[in-house]
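The values are calculated or read from the model by the stated rules, or taken from the named source; none is laboratory data. Values in this document were obtained by computation on a predicted structure and should not be read as measured data. Neighbour counts run over all protein chains shown; Cβ positions are idealised from the backbone, glycine included. Calculation scope for accessible area: heavy atoms of the full protein, side chains included, ligands and nucleic acids excluded. Shrake-Rupley method; radii C 1.70, N 1.55, O 1.52, S 1.80 Å.
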Amino acid sequence: GLREHMLHIATHFSNLVKVSERVGVRHAAGEALVRLIPLLRREQRNEVVVELGKGLEMGQYQISKYIPEYLGRAALFLHPSELDEQVLWLKNLLGSPTNIAVSGALNTVGVLLQHYPAYRGRFPEPERAYEARSQELLGLLLQGLAHYREEVRQEALLVTGTMLFDSPVLSMEEKSRLFSLCYRKLLFLIQAGPRQDPLTFFYRASALAHINRFIALRRLDKGPFAFSQPRKIAFFPGTFDPFTLSHKGIVRAIRDQGFEVLLAIDEFSWSKKTQPYRLRRRIAAMAVADVFHVSIFPEDFPVNIANPENLHELRAAFPGRSVSIVVGSDVVLHASSYKKSVTPDSIHTFDHVVFRRTEPDAEPADYSCITGKVLELTLPPQLEEISSTRIREAVDANRDISNLIDPTVQEFIYR
């Protein structure tokens with residue numbers, strides 16, 4: 001009988017966190033809930049956490065302001081598969097049109113990251129799974145920093161500064177680990193956008209102050225940071241109009257082969273009527289914000305793969321590291337730059353990562369013109385069907401494209 005009562009009591013606490021008139025009561029109920037959760041059975045824990053999470057979906061500030069702290073801590077008593085569902089739910093909530101719901105999700109991610117080290121060893125799971133989840137949570141926070149709505153970016157800056165780098169809960173070791181994973185992304189995402197709300201200036205200054213203090217303390221305490229060996233470079237040019245889940249799959253596959261992937265978004269393409277360059281850059285940046293070792297190539301460094309001088313400069317920009325060019329097999333077959341004669345820095349002399357389409361009618365791939373090393377990868381069939389052309393047609397016809405691109409990006413395209 002006591003077990004059943006516990007579920008009722010937990011549900012009651014969960015409701016108090018959401019709607020009690022008095023702040024003190026909300027906090028007391030939240031703390032009690034976090035203590036009670038480990039005593040519940042597996043499916044009961046899940047039920048309570050899902051129920052508490054519903055408070056965030058309502059998008060009312062008075063309700064959702066107190067939830068993240070307790071939702072995040074309670075969720076870390078869920079079994080790995082249920083915790084993963086919870087993370088997926090948060091990811092979808094980040095694509096919500098209401099800012100308050102998105103803020104609630106970001107704050108919950110912040111709480112999860114703070115308390116996540118306690119999850120290691122709570123349930124039997126491979127170290128790999130534990131690590132991947134940590135990266136996924138950090139990725140969600142970075143997606144908030146890349147958001148197109150200013151209010152969401154402000155909240156993400158706040159969470160990054162106060163909950164991550166100024167957290168009293170996280171150890172210096174943990175902070176350093178997260179920092180060395182995402183410092184490049186932070187640098188790129190914290191930069192000012194085109195038109196900036198003056199308030200963002202202060203949010204950003206505050207986040208930078210927290211990060212700066214963390215760096216200073218860490219260096220006093222433990223000496224310089226240990227960064228991993230620089231990876232080899234994969235230069236991936238394309239129109240990316242828009243950046244699809246299939247592009248994201250390609251990028252991940254290359255990254256998993258040990259590359260640092262640089263996405264070079266073409267200024268224009270004569271053959272296709274493309275969306276404005278800035279817009280395509282923005283969408284690509286939002287889509288890969290959560291994928292580590294993938295960056296957007298700077299726009300003030302033009303690289304035309306048919307121009308050996310540009311290619312020479314690209315090589316020179318990464319001394320001592322191999323630079324591979326990413327292309328589709330059809331490009332090697334038909335693009336004019338591969339038909340030209342070989343010169344010391346021409347495209348033929350570079351290592352390549354080639355994506356081969358696997359349709360039955362695809363022409364056989366011939367890489368004999370390339371003198372560099374060629375790594376050939378194929379796309380899984382479910383990604384291969386996603387093409388940018390298909391997405392543009394669907395958008396024009398106002399059809400659903402949620403299975404083709406990231407949720408936040410979809411929200412951005414249809415706004």
Rolling a 1.4 Å sphere over the protein heavy atoms, what is the accessible area per residue of the chain, to the nearest Å²?
49
Nearby lysines by direct alpha-carbon distance to LYS18 (threshold 22 angstrom, same-chain neighbours under 8 apart not counted)
LYS54, LYS65, LYS91
Dipole magnitude of the chain about its Cα centre (Cβ charges: Lys, Arg +1; Asp, Glu -1), debye to nearest 20:
1000
For the chain, I need the span (max minus min coordinate) of the C-alpha atoms along each principal axis, in Å, sorted largest to smallest.
80, 54, 46
Where a Cα-Cα gap under 29 Å defines reach, which lysines qualify for LYS232, not counting those fewer than 8 residues away within the same chain?
LYS175, LYS185, LYS222, LYS248, LYS339, LYS340, LYS373
Quick one: net charge of GLN44's neighbours, Cβ under 13 Å, K/R +1, D/E -1?
-1
Packing rank of 337-350, 143-156, where each peptide gets the mean count of other beta carbons within 10 Å, highest leading:
143-156, 337-350
For a protection proxy built on the mean count of beta-carbon atoms within 10 angstrom, sort 238-250, 321-333 highest first, please.
238-250, 321-333
Over the chain: helical MRE at 222 nm, DSSP H runs n ≥ 4 each giving -39500 (n - 2.57), nearest 500:
-17000 deg cm²/dmol
Report the label-to-label distance for THR11 and ASN304 in nanometres (one decimal), using points 7 Å from each Cα along the Cα→Cβ vector.
6.8
Folded to 0 to 90 degrees: helix 127-145 orientation relative to the chain principal axis, Cα:
80
Span from the segment 174-226 Cα centroid across to the segment 309-380 one, whole angstrom:
36
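Quick one: length gained pulling PHE318 to GLU150 fully straight, 0.36 nm per residue minus the C-alpha distance? All intermediate terms of the calculation are to be shown ahead of the outcome.
Values: separation 168, 0.36 × 168 = 60.48 nm, distance 3.42 nm.
Contour length minus the Cα-Cα distance gives 57.1 nm.
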Compute the Rg/Rh shape ratio of segment 110-208: radius of gyration over Kirkwood radius, all on alpha-carbon atoms.
1.01
Could you work out how much longer the chain between LYS222 and SER336 gets when fully extended? Use 0.36 nm per residue separation minus the Cα distance between them, nm to one decimal.
35.7 nm
